[in-house]
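Data block below; observations after.
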Amino acid sequence: MIPPKMKQGGKKKPVEAAKIEENNDKSISDECRPCLKRRKVTDNDKKLKETVTNGSNKRWSAVESDVEPEILEDMGVGMLEDEPCVGLKPVKRSLTQESQPSSPLSQSVLESNGTESRLQQNQDNSSVDTRKNNEISEDFFLYRRKQSVHSKGEDAFLKLSDEMVLMIFRWLPKNMLVRCSLVCKRWQRIAYDEVLWTRLDLGSRTLTAGSLGHILTRGTVILRLAQAEVSDPVFIENCPLIIREVPCKLQYLDLSMAVISEQGLANLLSVCRTVRKLSLEHCVINEQVCSAIARNVNLEVLNMSACYGITKDCISYILSGCRKLSALNLAWTNLSVATLDILCTELPASMQRINISGCRKTLTDNHVRKLVTACPDLVELDLSDCTTLTSETINTVTNLDKIEYLALSRCYSIAPSAYLQLSSASSLMFLDIFNLMNEQSVANLQHNLPDVNVNKFLFSSVARPTVGIRRTSIWGLRVRD
């Protein structure tokens, strides 16, 4: 038996539309609410207890189509009878619940409709986004810089030559160069290049044992150690400087007021052979130190003012080996008469500037005469605080043709009128005679010596590495890059 055709109630509405209608139906009264369309069931289904009506106790049919009970019995299937719900209030089904499918066919139709609605919505959203993007692109655009891609572990310095890396390292301080030398063997070789260590300032620093040896092996030429503290030993065992594997290239060394032992100073100077200018002001020296100084045959400037331990043998060692001396400062070293005899007799003829002030009871006019005879080309002469000198010294000094600076401060045995004889020294430019005359006498002397500047310098600058407050250079050479 072919079941009768069902009267279709139209296409199922999508879930989104059903939700919208459900919200609208909440504001509509039950009287105005339209009747929902139901499927009509024929009279043949008498065994079905309920049909599809709008009654309060009526329910939907559980079958999709009308089937006779005999067919169900042949199939071994029985019909379930719905018992009426007595005493229960009718349940109002919402439009969303009523629109839910009751069969697989209707479920597939609903899924297809829902998919079509979602695709339509996505298309609408994409069209809106496209219009927005077009509107934005008309006003501005976003530009992202292309980033350079570096492979992991790639060393950019490998693309640079050693000369380029060396030019970069020249901008780094010395302590940073030491750290760079720990990166790799190539950086160590470049960081220890002589160009980077030519000049070095370690003034007022504390050097540990052996550190000075590591510095000198890098080819340092200009080294300032003023007021530095150098610990013993200066060189460790098997140092390349000691075993002569690496020559010491030091030429300018300033050890003024440095704290260093006599043995450490001797060891330091023993590896030096090319020193041209040396300052040991206020250091303790001995014959071993002076013997090491004498090995520097090209020594030109030597400052040993206020040094302790200078003997006649020390002076003899220095003057016998350093025959190119042009400036010597031995002020306030308590030189004995025997030491002054050797000094004034064996000074090289190349001497131009000398300071032997402070020899209060030992320096005599005879020593000055020998000095002028040995060094006829003197330009600067400082004999301050030599109280035994007399006016005869003035007559001796006038024999110097190139004298420009003369200091006789606190030489109380020289008569004030004797200074007028200096008018015969045509090359004289400066005269210091502090604490000898009052202001009126100094003015009269200045009037009689119009070409000479009287009392212009309080301190002598002979062989000193620094003058005034300048501490970034020694003998006019920079110690910092």
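The values are calculated or read from the model by the stated rules, or taken from the named source; none is laboratory data. Everything numeric here is computed off the predicted structure, so don't read it as measured data. Here the Cβ is made from the backbone with ideal geometry for all residues, glycine too, and neighbour counts use every protein chain on show. Keep in mind that these areas ignore ligands, DNA and RNA; they rest on the heavy atoms of the full protein, side chains included. Shrake-Rupley method; radii C 1.70, N 1.55, O 1.52, S 1.80 Å.
Observations on the model:
- Listed pairs Lys185/Lys277; Lys370/Lys402; Lys312/Lys456; Lys174/Lys324; Lys249/Lys370; Lys277/Lys361 exceeding 27 Å between Cα atoms: Lys185/Lys277; Lys312/Lys456; Lys174/Lys324; Lys249/Lys370; Lys277/Lys361
- Gln421/Ala338 FRET efficiency (R0 35 Å; Cβ-Cβ; nearest 0.05): 0.70
- With all protein chains kept in place, the per residue accessible area of region 347-460 amounts to 46 square angstrom at a probe of 1.4 angstrom.
- Shown are Ser424, Ser291, Ser279, whose ranking by accessible area with a 1.4 Å probe and every protein chain present, most to least, is Ser424, Ser291, Ser279.
- Inter-label distance, nm, simple model (7 Å from Cα along the C-beta direction), Glu163/Thr388: 6.4 nm
- Taking all protein chains as they are arranged and a probe of 1.4 Å, the heavy atoms of Phe434 leave approximately 40 Å² accessible to solvent.
- Average accessible surface for region 220-289: 42 Å² per residue, computed with a 1.4 Å probe over protein heavy atoms with every protein chain in place.
- Of interest is the spacing of the C-alpha centroids, which for region 365-424 and region 222-240 amounts to 41 Å.
- Distance between the pseudo-spin-label points of Lys456 and Val195 (7 Å out from Cα toward the beta carbon): 4.2 nm.
- At R0 = 45 Å, FRET efficiency that the Cβ-Cβ distance of Trp171 and Lys324 yields, to 0.05: 0.75
- Residue among Cys180, Pro240, Ala209 farthest towards the positive dipole end of region 144-287, charges placed on Cβ: Cys180
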